[in-house]
1. State the Kirkwood hydrodynamic radius of segment 1-153 in Å, one decimal place, computed from all pairs of distinct Cα atoms.
2. Using only helices, what value at 222 nm comes out for the chain when you add -39,500 (n - 2.57) per DSSP H run of length 4 or more and divide by the total residues, to the nearest 500 deg cm²/dmol?
3. Apply 1/(1 + (r/R0)^6) to the Cβ-Cβ distance of Thr136 and Ile75, taking R0 = 30 Å, and write down the FRET efficiency to the nearest 0.05.
4. Select from segment 283-318 those trypsin sites (Lys or Arg not before Pro) which occupy a DSSP coil region and have at most 10 other Cβ atoms within 10 Å, ordered by residue number.
5. Using Cα pairs closer than 8 Å and at least 6 residues apart in sequence, work out the relative contact order for the chain, in percent.
6. If I model a spin label at Ser294 and Asn313 as a point 7 Å from the Cα along the Cα→Cβ vector, what separation in nanometres do I get?
7. Quick one: order Ser54, Ser306 by neighbouring beta-carbon count within 10 Å, fewest to most.
8. In whole Hz, what ³J(HN,Hα) sequence does segment 211-216 give by Karplus (6.51, -1.76, 1.60; θ = phi - 60°), x for Gly and Pro?
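No lab work stands behind these numbers, since they all come straight from the coordinates. Keep in mind the model is a prediction, meaning the values are calculated, not measured. Neighbour counts run over all protein chains shown; Cβ positions are idealised from the backbone, glycine included.
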Amino acid sequence: MRAILHIDMDAFYASIEQRDNPELKGKPVIIGGKVERGVVSTASYEARKYGVRSAMPISEAVRLCPDGIYIPPNIPKYQAVSAQIMDIFHRYTPDVEAISLDEAFIDVTGSQKLFGSAEQIGRAIKQSIYEELQLTASVGLAYNKFLAKLASDLDKPDGFYIVTPDDLQEKIWPLSIRRMMGVGHKTADLLERMNIKTIGQLAVMDRGLLEHILGKAGAQMHELANGIDHRAVESVREAKSFGRETTFHEDISDRYMLETVLFTLADDVCHSLRTHHVKGRTVSIKIRYPDFKSITRAITLEQYTSSFEPVYNTVKQLMEHNYKDGTPVRLIGVTVSNLKPEADIIEQQDLFTDKTAKKKVETLNKVLDNLNDKYGGNTVHRARKINQKTGTFSEESRL
Ligand code: TTP
Ligand code: MG
């Protein structure tokens, strides 16, 4: 039987802000605004008592909780904390599948010989997060992903919840079908009209009938409700690519503006590659035009990299060959694929590469990542990004 942990941080963005500013401790803190254009990203548990929830308009949150403390999100800071959490998970196994910044599945089946039972590992992870990062996480432990995810939510915040095959019926079957992964409002409404409100009611329903009504998804839901889920934890080792894209509010038809956006996207992608200790060989750009037609163009490099400079140079090259000046663009993106873990890459003995220069770039990238992780994203940026803030774009600095 497999042992899978699902770990989800409690009120993630809000808890980080409370940790970093003691005045916010115990108070209703609402993170949202600017970046998300007027919706709540998350709220501290104190604010949730007033009914404030993620994705709610800020105006509604203010109405419910006028004395709340409203803070705009600082995403680079949360990304840095996320990397620290993922590092803690990786102490026990490489089988970590990050679902979002604050959430991951960890397959600890094979780690038990070395580190103790799955429960002990789960508790040790919680403790490390608390001691090293002064944050709380909720942990679910079960024999598959579906149940582990449900479990982590059942004892929040600061929770630890175990589901074994023997207590599936007692613990999971009374829950609403709305808590099931992949059951949207429409499906839930439909099922409730048929008087199927709990996971248990779904589990004992005739599978053929469910399949008839909801198709293949119905059959899958029936399996999940019966505690059957064979999906593997897919670690970054199996990740195919890292990409970032941006959709513009208004189409952009200026090459320099587009390249400036690509500059930031490439920087983010490289940062992710390094955080996950992988390198890639294929760099691609995606351009979507106002009529929603998209093109993707790629170049495969000689060597694996996670450094900004070769990735961005390739992006620029792709733009030169595939973008006609003045053409309006609706969306633009950068992806690095063809990945390999850093540890598996044997440095090629190439007499023609300048090893010292390469080392310098790698060292610089590491220093930038460390500083940004430590002081939160905006500390050090290359010249082009700094000037982007003031609205004037300058040439990028040489590395
Ligand atoms: P969640 O794990 O869904 O929420 P949470 O960690 O704030 O609270 P809890 O898990 O204790 O219920 O999401 C993690 C972070 O993702 C959250 O802190 C903010 C961000 N987020 C948004 O920006 N918008 C959203 O709609 C949601 C749900 C989350
Ligand atoms: Mg969370």
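1. Averaging 1/r across every pair of different Cα atoms and inverting gives 16.2 Å.
2. -12000 deg cm²/dmol
3. About 0.90, to the nearest 0.05.
4. Lys293
5. Computed over the chain, the figure is 14 percent.
6. In this crude spin-label approximation the distance works out to 2.8 nm.
7. Exposure proxy ranking, most exposed first: Ser54, Ser306.
8. With the stated coefficients, segment 211-216 comes to 5, 4, 6, 10, x, 4 Hz.
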